[in-house]
Amino acid sequence: MGRQATKRELFVSISLEDYVPEDHLLRAVDRYLDLSEFRQSLAESYSHTGRPSIDPELMARMLIIGYCYGIRSERRLCEEVSMNLAYRWFCRLGLKDKVPDHSSFSKNRHGRFRDHDAFRKLFDSVLRRCMAEGLVQGEGFATDASMIKADAQRQRSCPGSVSIDWGDPEQASRPVREYLAALEQANPVPPAPKRISLTDPASTWTAAAGPAIFAYSTNYLIDLKAGLIVDVEASAVNKMAEVEATKIMIDRVEQKFAIKPRRLVGDTNYGVAAMLGWLVDEKGIIPHVPVWDKSEHHDGTFSRSDFLFDAENNRYVCPAGKYLRPPHRGLVKTPLRYRASV
């Protein structure tokens, strides 16, 4: 029976290249990843004097690792890169090179990365490379949304109907400043939400995925050939906001890359009249979307198909034999709509 003996070697000479298998995922990513445009887009935000900063390409590579391996915590991402030889190889770090502190990511994200829209430009450069490799067909797109929990506690909130004193906007936190600026630009002013977060007022109070939380929707536009994401847009968590986000993504892809799909695939959330009419009449896109149909009821009340139209008297008759009365003609400028009383 063998026994593992502990050997403490003072000096070891190794090459990280030898410890990363040829079929490793990061080798495939590194072969095609070009971050030169990412560096150029940020060049103006760095000073030419003083101590050199953390390489922005290093931070971008670390975030790509987090995306590929589902590491959402930047604190944990720094720990994993420090310990994993393949991660160090991908990030161009030697064994003795120091990994950036996790706070560097949030500092740059809310600073120069945000000001220069660096991540959007990086996304576009990767997409252009995928298009050059023939992975994007552009014939059909699919759209969907994922809910992302906001970093906002339920306790720090209040009803949307309550008047809130936000104090001096210049002294407020960044989310509050952006929320107030969005309200000033909104026309008309959106209706008051059920609850509003005092930490992140732009987030949406929703119970769509269980207990109510504050959240956002991340909307994706996906090319159907290889399942590649061609655009992303954040929105509030509601059906109409997701519909508007899809319109923005379709227009943006057409403007940037001159790609307009023949068909769009989506679930029932996108089967509303405004969306379907926009796709067919304005964009010439065939919708492969189930229509949002509320005409059939299964709660014991009458469905729309249960009502009969009496053409001779120009009125509808319900299954109980009652006549539906139209509203007063003098008050209606739109086509006549019949309404049933309780």
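Using a probe of 1.4 angstrom and keeping all protein chains present, the accessible surface of segment 20-69 works out to 63 square angstrom per residue. Taking every C-alpha pair closer than 8 Å and separated by at least 6 residues, the mean separation divided by the residue count of the chain gives a relative contact order of 11 percent.
Cα-Cα over 30 Å: which of 107/149; 239/283; 96/149; 194/256; 225/256; 98/149?
Beyond 30 Å between Cα atoms: 96/149; 194/256; 98/149.
Here the accessible area is traced with a 1.4 Å probe on the protein chains. For segment 135-237, carbon and sulfur cover 53 percent of it.
Quote the Stokes-Einstein diffusion coefficient, in whole µm² s⁻¹, for the chain, based on the Kirkwood radius over alpha carbon pairs, a temperature of 25 °C and a viscosity of 0.890 mPa s. Answer from the Stokes-Einstein relation: 97 µm²/s.
Relative to the longest principal axis of the Cα atoms of the chain, helix 56-68 runs at roughly 60 degrees. Helix 239-257: angle to the longest alpha-carbon principal axis of the chain, degrees 0 to 90, nearest 10? Around 60 degrees separate the two axes.
In the chain, the DSSP-assigned H stretches of four residues or longer account for a calculated mean residue ellipticity at 222 nm of -9000 deg cm²/dmol, using -39500 (n - 2.57) per stretch and the full residue count as denominator. Note on segment 84-114 and segment 140-189: Cα centroid distance 30 Å, given to the nearest whole angstrom.
Residue 162 exposes around 70 Å² of accessible area when a 1.4 Å probe is run over every protein chain in place. Could you calculate the contour length gain from residue 25 to residue 96, that is, 0.36 nm times the residue separation minus the distance between their Cα atoms, to one decimal place in nm? Length difference between fully extended and current span is 23.2 nm.
Backbone geometry of segment 115-126 corresponds, through the Karplus equation with coefficients 6.51, -1.76 and 1.60 at θ = phi - 60°, to 3J(HN,Hα) couplings of 5, 9, 6, 5, 5, 5, 5, 5, 4, 5, 5, 5 Hz, x marking Gly and Pro.
Quick one: Debye curve from the alpha-carbon atoms of segment 61-185 only, equal weights, vacuum; give me log10 I(q)/I(0) at q = 0.13, 0.17, 0.20, 0.22 Å⁻¹ to two decimals. Debye output, listed in q order: -0.87, -1.17, -1.29, -1.37. Entry comment: accessible area of segment 213-297 is 48 Å² per residue, from protein heavy atoms only and a probe of 1.4 Å. Within the assembled protein chains, the solvent-accessible surface assigned to residue 257 is about 30 Å², based on a 1.4 Å probe.
Using a simple charge model, +1 on the beta-carbon of Lys and Arg, -1 on the beta-carbon of Asp and Glu, nothing else, what dipole does the chain show about its Cα centre, in debye to the nearest 20? List each step's numbers first, then the result.
On the way: 48 positive and 45 negative charges, 126 e Å.
The calculated dipole for the chain is roughly 600 debye.
In summary, segment 52-99 shows an alpha-carbon radius of gyration equal to 1.03 times the 2.2 N^0.38 Å reference for compact globular proteins.
Residues whose amide H falls under 5 Å from that of residue 259, counting only those 5 or more places apart or on a different chain, are 254, with hydrogens built in the peptide plane.
When the alpha carbon gyration tensor of segment 1-78 is reduced to an equivalent ellipsoid, its three semi-axes come out at 34, 19, 14 angstrom, largest first.
The values are calculated or read from the model by the stated rules, or taken from the named source; none is laboratory data. Worth saying up front: this structure is predicted, and the values here are computed from it rather than measured. Using ideal geometry, Cβ is built from the backbone for each residue, glycine included, and neighbour counts are taken over all protein chains shown. Please note that ligands, DNA and RNA were not included when accessible areas were found on the heavy atoms of the full protein model with its side chains. Shrake-Rupley method; radii C 1.70, N 1.55, O 1.52, S 1.80 Å.
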